[in-house]
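Notes follow once the structure below has been shown.
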Amino acid sequence: MRKQILIISTLSLLVSPVFAKVEVQVDLDRLEQNKDNSLSNYEQYKVNYEISKKNIVELKKSITTLRAQKRAVSKNDRNIEKNKKALDKMKLKVIAYKAKENKKLMKETQEMEKLKALLIKLEANINLRNLNIQEYDKKIVEIDTEKLEWGEQNQDLVVLRRNIEDKEITAKDEHKSWVAKKNDYRKQMKKWKSESKVARQRHAKYKKLAN
């Protein structure tokens, strides 16, 4: 088709110089517009390509940070479970101590009736053991309270870990999207760079004929 346009223009130039020059000028105007449009498209896709590269770099940094936070949360979660188990063992020991004290209390109360001579000593022992029981009860309350606090903190960590995982999924999806956009921009950039080159060459060729 390009060869046909050239032949017609040349024949027209031989027959009517004025008419041929008008035809070439019309083609030059159209080619000039094509050249400008091609260059504009190339510049726009080039800008989009650079933006996509920067976004990919930032998202990679974000994913690395989120993964580090996720590992830290998992480590804290294991520590919480370990502390809770230790508190459970301590509570069992305290309960065992309390049971022993109650058993001794009952036995010594019965012996008090039989052993009047030992009444003062046994009363002192009873008072002491009652105090011990009270202290053990307080300790049990403290342990239960601390265990409850660890449980609440564990729930907070579960929520935090879920939020981090959601952000990581979103960041991965955005990363995948921007990689696709970058590839498309690069493809369009190459396309319009080639189109721009062809348009410039065509414009230069017909401009030379017009002159």
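The values are calculated or read from the model by the stated rules, or taken from the named source; none is laboratory data. Computed from a predicted structure; not experimentally measured. With ideal geometry, Cβ positions are generated from the backbone for all residues, glycine too; neighbour counts draw on all protein chains shown.
What residue, of LYS91, LYS98, LYS70, LYS85, is in a helix (DSSP H, G or I) and loosely packed, with under 15 Cβ neighbours inside 10 Å? Steps first, answer last, please.
Details: LYS91 fails: loosely packed, with under 15 Cβ neighbours inside 10 Å; LYS98 fails: loosely packed, with under 15 Cβ neighbours inside 10 Å; LYS70 fails: loosely packed, with under 15 Cβ neighbours inside 10 Å.
Exactly one residue qualifies, and that residue is LYS85.
So that you can scan it fast, the table gives a plain yes or no per residue for (1) within 30 Å of THR145 (Cα to Cα); (2) of a type outside the set (S, T, N, Q):
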residue	(1), (2)
ARG30	no, yes
VAL47	no, yes
ILE56	no, yes
LEU66	no, yes
SER74	yes, no
ILE80	yes, yes
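Being touching a helix residue (DSSP H, G or I) at 6+ places or on another chain (Cβ under 7 Å) and basic (Lys, Arg) is the filter; apply it to region 131-180 and report the residue that is nearest to GLN44 (Cα to Cα). Among residues in region 131-180 that are touching a helix residue (DSSP H, G or I) at 6+ places or on another chain (Cβ under 7 Å) and basic (Lys, Arg), the one nearest to GLN44 (Cα to Cα) is LYS172.
Any chance region 105-112 includes a residue that's at pLDDT 80 or above, among the polar types (S, T, N, Q) and either touching a strand residue (DSSP E or B) at 6+ places or on another chain (Cβ under 9 Å) or under 23 Å from GLU81 (Cβ atoms) (or both)? No, that holds for no residue.
Looking at ASN125, ASN154, ASN132, can you tell me which residue is at pLDDT 90 or above and within 30 Å of VAL94 (Cβ to Cβ)? Lay out the reasoning, then the answer.
Working: ASN125 fails: at pLDDT 90 or above; ASN154 fails: at pLDDT 90 or above.
ASN132 is the lone residue from the list that is at pLDDT 90 or above and within 30 Å of VAL94 (Cβ to Cβ).
Looking only at region 111-120, decide whether some residue is touching a helix residue (DSSP H, G or I) at 6+ places or on another chain (Cβ under 8 Å) and not in a helix (DSSP H, G or I). Yes, that holds for at least one residue.
Evaluate region 124-145: report whether one residue or more is among the aliphatic types (A, V, I, L, M) and closer than 30 Å to ASN55 by Cα. Talk me through it step by step, then tell me what you get.
So in region 124-145, the residues among the aliphatic types (A, V, I, L, M) come out as 124, 126, 128, 131, 133, 140-141, 143.
Adding the requirement that they be closer than 30 Å to ASN55 by Cα leaves none.
Scanning region 124-145, I find no residue that is among the aliphatic types (A, V, I, L, M) and closer than 30 Å to ASN55 by Cα, so the answer is no.
The residues on offer are ILE164, ILE80, and the sole one that is closer than 30 Å to ILE63 by Cβ and touching a Phe, Trp or Tyr at 6+ places or on another chain (Cβ under 6 Å) is ILE80.
Can you tell me which residues in region 164-211 are small (Gly, Ala, Ser) and closer than 27 Å to LEU66 by Cβ? Walk me through how you get there before you give the answer.
Restricting attention to region 164-211, the residues satisfying the condition of being small (Gly, Ala, Ser) are 171, 177, 180, 194, 196, 199, 204, 210.
Selection gives ALA171, SER177, ALA180.
For beta carbons closer than 7 Å, sequence separation of 6+ or different chains, a first residue in region 121-137 that is basic (Lys, Arg) and a second that is surrounded by 12 or more Cβ atoms within 10 Å (Cβ to Cβ) and assigned to a helix (DSSP H, G or I), the qualifying pairs are ARG129/GLU101; ARG129/LYS104; ARG129/LEU105. Residue-level analysis places SER12 among those that are modelled with pLDDT under 50 and touching a Phe, Trp or Tyr at 6+ places or on another chain (Cβ under 9 Å).
When you look at ASN183, is it within 20 Å of LEU87 (Cα to Cα) and touching a helix residue (DSSP H, G or I) at 6+ places or on another chain (Cβ under 9 Å), yes or no? It is false that ASN183 is within 20 Å of LEU87 (Cα to Cα) and touching a helix residue (DSSP H, G or I) at 6+ places or on another chain (Cβ under 9 Å). The residues in region 120-155 that are surrounded by 13 or more Cβ atoms within 10 Å (Cβ to Cβ) and under 27 Å from the mean Cα position of the chain (by Cα) can be counted, and the count is 3.
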